[in-house]
1. Could you give each residue of the range 26-41 its phi-based ³J(HN,Hα) in whole Hz, using Karplus coefficients 6.51, -1.76, 1.60 with θ = phi - 60°, and x for Gly or Pro?
2. Between CYS10 and ARG34, what is the label-to-label distance in nm when each label sits 7 Å out along the Cα-to-Cβ direction?
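All of the numbers you see were taken from the coordinates with simple rules; none came from a lab. Since we're looking at a predicted model, the values are computed, not measured. Glycine gets a Cβ as well: all are built from the backbone with ideal geometry, and neighbour counts include every protein chain shown.
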Amino acid sequence: MRVVKVLMLCGLTVGCLGSVFGSKAAAGFARNLRQGQYDAIQTPTQTASPRRA
């Protein structure tokens, strides 16, 4: 019975840590994605734009 309780606590701990690290990874990915979009918008392109007459 004692082994079952130890395994239960290990499973609970690993599950909680997995959710913490997973949320940090997702937030970091979203931050990098937003930064990349911002940089792409702020960087002027080298394509020729039509001139107004």
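1. 5, 5, x, 5, 5, 5, 5, 5, 5, 5, x, 5, 4, 5, 5, 6
2. For CYS10 paired with ARG34, the spin-label model returns 3.9 nm.
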